[in-house]
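Below is one structure; the comments refer to it alone.
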Amino acid sequence: MPATLASDLARYLDDNDRRFHDELFDFLRIPSVSARSEYDADMQRAAKWVSDNLRTAGLDTEILSTPGHPVVLGEWRKAPAGALTVLIYGHYDVQPAEPLELWTSPPFEPAMRNGRIYARGSVDDKGQLFAHMKALEAHLGARGRLPVNIIVLAEGEEEVGSDNLEAFVTKHAKRLACDYIVISDSSMFAPGLPSILSSLRGLAYFQIDLEGPAGDLHSGSYGGAVVNPAMALARILATFFDANGHIAIPGFYDKVREWDPKIRAQIKALPFDEANFKKEVGVSVLGGEAGYSTLERLWSRPTCEVNGLLSGYTAEGSKTVLPSKAMAKVSCRLVADQNPAEIERLVREHITRVAPAGVKVTIQMLHGGQPWSAELQGPLYDAAKRALNAAFGRDPVVIGEGGSIPVVSDFQRLLGAPVLLVGFGLPGENAHAPDEWFADENFTKGMRAMASLWDEIAAGARA
Ligand code: BES
Ligand code: ZN
């Protein structure tokens, strides 16, 4: 029998829909850009906004400082004895909005167009975090209680690598003790297709700096006799891959675990439309590691990508110069059971081996995160299936994810609780890019699914 959302919760969500939208728009107006110190006051404002909103809904709240941006905790621990405790994680920080001129409407002036909420952070992750906050409010508003104990942990550093969160979770492990962890900071496979994640990739992010001559040189007077750092960098980067798109850094694949055949089969059955995917990204030909499908390349295989390159003269016209420096930002996305520290070592060894004489190479690891893969069985998974069915009218599909949420595997390890990743974004949502949007329908259904989830988890525990 298809599951349904309890009518009192459905009514509460319907009756308050206008206000929920107004509140979400207020939240989205705060430019909580974690990467830039000029927004520090806005980060504080966003933390306070989350805290105030949770408190109004009926949770106890506290804003805890970290060496970086604050963590907001919301707690409701009045469920009947024996009830389960669930930790909801989300992030209130957003990526920088630049380039501003490519936005149709300003990034911090949310706008509804064609059923989409356009704003920086609408889908990643303020809108999804807020859907959780309102699902909790629905229970407390309609019934005065929740069927499970709740801890909301909203952080402000996810978009800069969550560097302080592992220590935070370690320090507060007792207070954060829980049976389950639920996170909505990802996307569905397609509109109308609710999705549960089976994996996230991890990350090892490097900055590579090359220094050659003491200063920029005349490329005629010196070119040909002095090693050019830009060319040296290009040569180093070119050694990262072989002609089959296979990463050629020795040892890189040693820990890569092959996927569970069951999950592989589920993923093969997904309605993936390669032509549509090409259209979405605006290319006519795809590329990657030979022997793997596009979804396998995205979800089950590691990568090494140049994120940025800088060297020499890049302004208008020509300038004959041999640059003294070159820099690249490179990120490796990792899969289970690769480890960022080990990959760092392999990348350092490899670069040291291939770097030409005549340049000084410095490698900095900017951040790392462990890959994660899900259990996909047990009462939490079953409850999520029913809750998603109640909101979307169909069972969820299982998908992988190419992106990273660095804290997920830390949570699992430090709190010893399984993590459910269920997101409400959509392909093409422009996360991290201009014109980011969140489908209004998914905002509404997300709130319903999460409101239903708390009932379904409690029902599953009683069964
Ligand atoms: N919400 C994303 C993670 C994500 C990306 C989920 C794509 C689903 C699809 C998260 O906010 C994010 O962008 N993470 C960063 C982590 C990095 C800054 C350490 C990422 O994946 O680049
Ligand atoms: Zn993000």
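The values are calculated or read from the model by the stated rules, or taken from the named source; none is laboratory data. Since the structure is predicted, the reported quantities are computational estimates derived from the model, not experimental observations. With ideal geometry, Cβ positions are generated from the backbone for all residues, glycine too; neighbour counts draw on all protein chains shown.
Some points to look at:
- Residue identified as touching a Lys or Arg at 6+ places or on another chain (Cβ under 8 Å), surrounded by 11 or more Cβ atoms within 10 Å (Cβ to Cβ) and closer than 30 Å to residue 348 by Cα among 286, 298: 286
- Count of residues meeting criterion [within 15 Å of ligand 2 (Cβ to nearest atom) and of a type in the set (Asp, Glu)] in segment 407-432: 1
- Selected residue (only one of 397, 422 is surrounded by fewer than 23 Cβ atoms within 10 Å (Cβ to Cβ), among the β-branched types (Val, Ile, Thr) and at pLDDT 95 or above): 397
- Residues that are under 26 Å from residue 420 (Cβ atoms) and either within 16 Å of ligand 1 (Cβ to nearest atom) or without any contact (Cβ under 8 Å) to a residue 40 or more places away in the chain (or both), drawn from segment 83-108: 88, 89, 90, 91, 92, 93, 94, 95
- Number of positions in segment 78-126 that are within 14 Å of ligand 2 (Cβ to nearest atom), closer than 23 Å to residue 176 by Cα and either of a type in the set (D, E, K, R) or in contact with a Pro (Cβ under 7 Å, 6 or more places away or on another chain) (or both): 3
- Checking each residue in segment 150-178 for being in a loop (DSSP other than H, G, I, E, B) and within 16 Å of ligand 2 (Cβ to nearest atom) picks out 156, 157, 161, 162, 163.
- Of all residues in segment 147-169, those that are at positive phi and touching a residue at least 40 places away in the same chain (Cβ under 8 Å) have Cβ atoms under 9 Å from Cβ atoms of residues that are within 15 Å of ligand 1 (Cβ to nearest atom) and assigned to a helix (DSSP H, G or I), 6 or more apart or on another chain, in 162/407; 162/410.
- Meets criteria (part of a helix (DSSP H, G or I), surrounded by fewer than 13 Cβ atoms within 10 Å (Cβ to Cβ) and touching a Leu at 6+ places or on another chain (Cβ under 9 Å)) for residue 279: no
- Per the conditions (1) over 20 Å from residue 194 (Cα atoms); (2) in contact with a strand residue (DSSP E or B) (Cβ under 6 Å, 6 or more places away or on another chain); (3) not charged (D, E, K, R), the sole criterion not satisfied by residue 266 is (1).
- Leading residue by the ranking (surrounded by the fewest Cβ atoms within 10 Å (Cβ to Cβ)) among those in segment 1-33 that are of a type in the set (S, T, N, Q) and within 17 Å of residue 390 (Cβ to Cβ): 7
- The set of residues in segment 1-20 being part of a helix (DSSP H, G or I) and in contact (Cβ under 8 Å) with a residue 24 or more places away in the chain consists of 8, 9, 10, 11, 12, 13, 17, 20.
- Residues of segment 189-216 satisfying the condition of being more than 26 Å from residue 346 (Cβ to Cβ) and within 16 Å of ligand 2 (Cβ to nearest atom): 197
- Among the conditions (1) away from ligand 1 (no atom under 16 Å from the Cβ); (2) in a helix (DSSP H, G or I), residue 132 misses just one, which is (1).
- Just one of (1) buried (at least 19 other Cβ atoms within 10 Å of the Cβ); (2) closer than 27 Å to residue 338 by Cα; (3) within 16 Å of ligand 1 (Cβ to nearest atom) fails for residue 194. It is (2).
- Considering (1) of a type outside the set (Phe, Trp, Tyr); (2) surrounded by fewer than 14 Cβ atoms within 10 Å (Cβ to Cβ); (3) away from ligand 2 (no atom under 16 Å from the Cβ); (4) within 19 Å of residue 249 (Cβ to Cβ), the lone condition that residue 318 does not fulfil carries the number (4).
- Meets criteria (of a type outside the set (Asp, Glu) and within 12 Å of ligand 1 (Cβ to nearest atom)) for residue 419: no
- Of all the residues in segment 200-245, those that are part of a loop (DSSP other than H, G, I, E, B) and surrounded by 17 or more Cβ atoms within 10 Å (Cβ to Cβ) number 6.
- Residues that are part of a helix (DSSP H, G or I) and in contact (Cβ under 8 Å) with a residue 40 or more places away in the chain were ranked within segment 265-275; the one that is surrounded by the most Cβ atoms within 10 Å (Cβ to Cβ) is 267.
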